[in-house]
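The values are calculated or read from the model by the stated rules, or taken from the named source; none is laboratory data. A quick note: this is a predicted structure, and the numbers were derived from the prediction, not measured. Neighbour counts run over all protein chains shown; Cβ positions are idealised from the backbone, glycine included. Ligands, DNA and RNA are stripped out before the accessible areas are found, and what is left, the full protein with its side chains, is counted by its heavy atoms. Shrake-Rupley method; radii C 1.70, N 1.55, O 1.52, S 1.80 Å.
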Amino acid sequence: MDERAPDGDIDEDALRVGEPGRAAAGLTGVLVSLQRSREHMGLGRTVRTLPLINQRAGFDCPGCAWPDPREDEGERRKPAEFCENGAKAVAEEATTRRIGPDFFARYSVAELAERTEHWLGRQGRLTRPMILRRGESHYRPIGWDAAFEAIAESLSSLGSPDEAAFYTSGRTSNEAAFAYQLLVRCFGTNNLPDCSNMCHESSGVALTETIGIGTGSVSLSDVEHADLVLVLGQNPGTNHPRMLASLEKVKRRGGRIVAVNPLPEAGLLRFRNPQKPSGIVGRGTALADEFAQIRIGGDLALLRALTGLLVLADDEAPGTVLDQAFIESHTHGFAEFADQVRRVDWAATERATGLDREQIERIARMLIDSERTVVCWAMGLTQQKQGVATIKEVVNLMLLRGMIGRPGSGLCPVRGHSNVQGDRTMGIFEKMPESFLGALEREFGVTVPHEHGMDTVEVLHGMHDGRVRALIAMGGNFASATPDTEATEQALRGCALTVHVSTKLNRSHVVPGDTALILPTLGRTERDVQESGEQFVTVEDSMSVVHASRGRLRPASGHLLSEVAIVCRLARSLLGENHPVQWEEFERDYDRIRDRIAGVVPGCADYNRRVREPDGFVMPHPPRDSRTFPTATGRAEFTVNVPEPIEVPAGRLLLQTLRSHDQYNTTIYGLSDRYRGIEDARRVVMVNDADIAELGFTDGDLVDLVSEWTDPHGGLEERHAKRFRIVSYPTARGCAAAYYPEANPLVPLGSVADRSNTPVSKAVVVRLEAHQHSVG
Ligand SMILES: Nc1nc2c(c(=O)[nH]1)N[C@H]1C(S)=C(S)[C@@H](COP(=O)(O)OP(=O)(O)OC[C@H]3O[C@@H](n4cnc5c(=O)[nH]c(N)nc54)[C@H](O)[C@@H]3O)O[C@H]1N2
Ligand SMILES: Nc1nc2c(c(=O)[nH]1)N[C@H]1C(S)=C(S)[C@@H](COP(=O)(O)OP(=O)(O)OC[C@H]3O[C@@H](n4cnc5c(=O)[nH]c(N)nc54)[C@H](O)[C@@H]3O)O[C@H]1N2
Ligand SMILES: [Mo]
């Protein structure tokens, strides 16, 4: 698939490169959001839709999981509570383009497999359930009942329920997620892999082991009232643009910001707030006080040096730096930890981070001077081999100065998908604790399996060796989001059954199993009417706020079913009509699902009433609420984390795969990575000028990327992705960057983070080879 036939859609020769931006948002952001919305929805629909985003009476933005202002924190929602990229996400879903049976009659699956992800997504909303039967070349329409029967029959014929895997992407509502995990567990498996396995899993593992709960400890108000915010491995200008307004508030209140990133991302440097006249036309607010241009994978070494400097500073003036009272009463393991970090190996630190000692000492000084510190992080930390250890070191840093459970401070893993955190709360997890499984059994009088299921990477291994033969996906784009594309696609094609519940066409639909189904569903923006009347759903944001979301648009087609209805009807086909769970009631009235959520999910008592509060409610978080740490020792754990340098042989680069400004994960909106100055092309590799010269190339050269991976048995594996254009870019030395998902073929399935099993998408050893034009 590397050299997919040009389809008049993406032409790499059209690449235009300008200067990387020095500021995010501003007037261009406003104009782009309006222009894209009009293109997809027309003016009338745009005017009706955009004002509903993130409003109490409207729907939760299907973009990122950044929270909304809350009245109980003294903040009001603005009339336009969305960003450029949220507007693009809405336009993508609310588009007026449609694809139905005639589209699938026109294109064979083989033809569709030649198209780019961008082209597939642009065709419009899916409108009818479709089936590709064994041996056929085209998807054909199928009725809903027949579709559920076909799926039930195929699943029932498996050797065991564990031969099926049920994937979830993080847009699914709490109601759909709760019903879905119940269906899967009643069917008999815990194989519930999700996008989180590839996303913030490292955060969940690290936080659970150190503070006893896998979610962040801050509210929006905490972030905005911090003295110091560290932003590690995150590009908020593109991926969480509303966070920039919060960072702007930090600056206005006299706080400081440290950005740690191999790239000088525009959104970290300066922000022009499109909500304010001065932001539209003025210079905006400078954000980062300190920009640490770190080498990929160098964060643990940096954090170790910082924790070491704090401990040493307190040794010199005891009691002035560390929060001794907090450490004594709330933590465990300090002495051993402190002994380890006191020895800062500066040569090794400078090598691993590419930063100089003075800058690291300046950052340590800022940490010491701050009474309220927040650390935010995202994929630059989690998708690393030592992701879990790195985040544990973030926790150490915060514990030293008692920055958990103190206003204006705390841990802030910035989640990706708008409801990825809620899906976990609802039980979408292959390793749900015993207490949850027991509660399910008591609530419904069913038995569910207790042995752990498979995560995303394990499912891929399972497909390869025949242990997994069916994939059901609630949203997402499994084929493109997972690593090692060539092997993954082969694995999918080897399945007996693949089923995708989707809003838009994507790559996963065109690498089908023996039998494949596409089940079209309502999106977040659309009205959801069931027998008992109009329904709303609930979601949980990155800061544990649970609230309602109500779609207002007319559904893209009269044939669509909601995700909840799809789950309930599949359950009835698969589990039989006499099942103890009242699936019909669930579908008729989502309040009935919420009643059961209240009975099963910790922290959700009285759910139906509390989600009807205007701003919803906040999930309990013992460390944040009362400095209580539900760990084995009942205390927050200091841990010892030893950096392991990443070996990059001479002539190789360390490649990260990241998002452009014009995509939502595998959905490509367009070809403008505006803040980075890269236009009209996606097969590009960003490399530092000095490295380009050292490797004997020139800016603009066409190269093939070859990843090099030594498997656990010492065998060297190579993976190829062809025809990338070199773009000279001010990234850290020795590092490179290319867009996800185009670069996924390079990420080895075996390269995963320790403990969290998250694919290492941010550190792939690659070499560049001049691209050989094929002749003839
Ligand atoms: N518009 C838009 N919004 C989105 C998404 C989208 O695709 N489009 N995706 C959503 C999802 S699911 C997620 S998870 C989030 C993702 O949000 P981000 O994590 O911001 O997304 P990435 O593009 O993967 O960017 C990772 C950042 O980490 C930096 N980085 C890479 N390696 C390292 C490293 O070793 N150390 C440090 N310190 N930094 C490093 C990169 O330069 C980049 O700035 O965004 C969510 N929001
Ligand atoms: N190399 C590399 N790989 C990565 C990453 C990376 O940084 N680098 N990031 C990883 C991360 S952080 C994540 S979260 C995953 C994302 O992985 P996924 O969540 O699997 O992928 P998405 O691209 O978000 O899924 C897009 C599809 O979701 C469907 N969809 C959209 N809205 C809805 C809806 O409301 N309901 C339903 N049922 N379907 C809907 C549409 O059909 C659309 O095509 O990718 C991971 N993969
Ligand atoms: Mo994500």
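Of VAL205, PHE187, SER173, which is farthest towards the positive pole of segment 170-230's charge dipole, taken about the Cα centre with +1 and -1 on the beta-carbons of Lys, Arg and Asp, Glu respectively?
Working it through, the farthest residue towards the positive pole turns out to be PHE187.
Taking the Cα centre of the chain as origin, sum charge times position over the Cβ atoms of Lys and Arg (+1) and Asp and Glu (-1), and report the length of that vector in debye to the nearest 20. The partial results should precede the final answer.
On the way: 88 positive and 107 negative charges, 475 e Å.
Roughly 2280 debye for the chain.
Using a 1.4 Å probe over the heavy atoms of the protein chains, calculate the carbon and sulfur portion of the accessible area of the chain as a whole percent.
49 percent
What accessible area per residue, rounded to a whole number of Å², is obtained for segment 358-501 using a probe radius of 1.4 Å?
Per-residue accessible area for segment 358-501 comes out at 28 Å².
For segment 22-93, what is the charge dipole size about the Cα centre, in debye to the nearest 20, if Lys and Arg each add +1 at the Cβ and Asp and Glu each add -1 at the Cβ?
Around 340 debye, computed over segment 22-93.
Determine the relative contact order of the chain: mean sequence separation of Cα pairs under 8 Å and six or more apart, normalised by residue count, in whole percent.
21 percent
Looking at VAL766, TRP66, PRO79, which one has the Cα that reaches farthest to the positive end of the dipole of the chain (charges on Cβ: Lys, Arg +1; Asp, Glu -1)?
PRO79
Can you give the local net charge around ASN608? Use residues other than it whose beta-carbon is closer than 10 angstrom to its beta-carbon, Lys and Arg +1, Asp and Glu -1. Before the final figure, lay out the partial values.
Details: positive: ARG592, ARG594, ARG609, ARG610, ARG612; negative: ASP591, ASP595, ASP606.
Around ASN608, the surrounding residues sum to +2.
Can you list residues from other chains, or at least 5 along the same chain, whose modelled amide H is less than 5 Å from the amide H of THR168?
HN-HN under 5 Å from THR168: ASP194, CYS195, MET474.
When ranked by the protection proxy of mean other Cβ atoms within 10 Å per residue, highest first, what sequence do the peptides 29-36, 474-481 form?
Answer by packing, highest mean first, reads 474-481, 29-36.
Once the piece of chain linking ASP289 and THR447 is laid out straight, how much longer is it, given 0.36 nm per residue of separation minus the C-alpha distance between them?
Details: separation 158, 0.36 × 158 = 56.88 nm, distance 5.55 nm.
That pair, ASP289 and THR447, stretches by 51.3 nm at full extension.
Tell me the accessible surface of LYS722 in square angstrom (1.4 angstrom probe, heavy atoms of protein chains only), to the nearest ten.
Roll a 1.4 Å probe over it and LYS722 shows about 70 Å².
Short version: ³J(HN,Hα) in whole Hz for each residue of segment 455-460, in order, from phi by Karplus 6.51 cos²θ - 1.76 cosθ + 1.60 (θ = phi - 60°), x for Gly and Pro, what are they?
Karplus values, whole Hz, x for Gly and Pro: 8, 4, 5, 5, 4, 4.
Using the Karplus equation 6.51 cos²θ - 1.76 cosθ + 1.60 (θ = phi - 60°), what ³J(HN,Hα) coupling, rounded to whole Hz, does each residue of segment 539-548 give in order, writing x for Gly and Pro?
So the Karplus estimates, Gly and Pro as x, are 9, 10, 8, 5, 10, 6, 8, 9, 8, 7 Hz.
Go ahead and collect, in residue order, the members of segment 418-453 whose backbone nitrogen is under 20 Å from a label point 7 Å along the Cα-Cβ direction of GLU585.
Residues 439-448 fall inside that zone.
Output the peptides 211-223, 557-569, 525-537, 603-615 sorted from most to least packed, where packing is the average of other Cβ atoms within 10 Å over each peptide's residues. Can you show the working numbers first?
Working: 211-223: 24.5, 557-569: 21.5, 525-537: 17.5, 603-615: 15.9.
Most protected by this proxy first, the peptides run 211-223, 557-569, 525-537, 603-615.
List the extent of the Cα atoms of segment 586-668 along each of their three principal axes, largest first, rounded to whole Å.
61, 45, 23
I'd like to check one number: the per residue accessible area of segment 22-93, probe 1.4 Å, reported in Å² as a whole number.
On a per-residue basis, segment 22-93 sits at 40 Å².
For segment 567-581, take each phi angle, set θ = phi - 60°, evaluate the Karplus expression 6.51 cos²θ - 1.76 cosθ + 1.60, and give the result in whole Hz per residue in order, putting x for glycine and proline.
4, 5, 6, 5, 4, 5, 5, 7, 9, x, 6, 9, 5, x, 7
Using Cα pairs under 8 angstrom and six or more residues apart, how large is the relative contact order of segment 653-770, in percent?
37 percent
Kindly provide the helix-only [θ] at 222 nm of the chain, computed as the sum of -39,500 (n - 2.57) over DSSP H runs of four or more divided by all residues, to the nearest 500 deg cm²/dmol?
Helices in the chain give a 222 nm mean residue ellipticity of -10000 deg cm²/dmol.
Pairing rule first: another cysteine's C-beta must sit under 4.7 Å. Under that rule, which cysteines of the chain stay single?
By the Cβ distance rule, which asks for a partner under 4.7 Å, the isolated cysteines are CYS61, CYS64, CYS83, CYS186, CYS195, CYS199, CYS495, CYS568, CYS604, CYS735.
Using amide H atoms built in the peptide plane, which far-off residues or other-chain residues are under 5 Å from THR331 H to H?
ALA636
Given H placed on each backbone N at 1.01 Å, which residues far from ARG140 in sequence or on other chains put an amide H within less than 5 Å of it?
Placed amide hydrogens put ILE131, LEU132, ARG133 under 5 Å from ARG140.
Give me the percent of Cα-Cα pairs in segment 196-263 that sit more than 16 Å apart, rounded to a whole number.
Counting every Cα pair in segment 196-263, those more than 16 Å apart make up 58 percent.
Would you work out which of HIS461, VAL499, LEU437 lies farthest towards the positive end of the dipole of segment 429-569? Charges go on Cβ: Lys and Arg +1, Asp and Glu -1.
Checked the options; the winner is VAL499.
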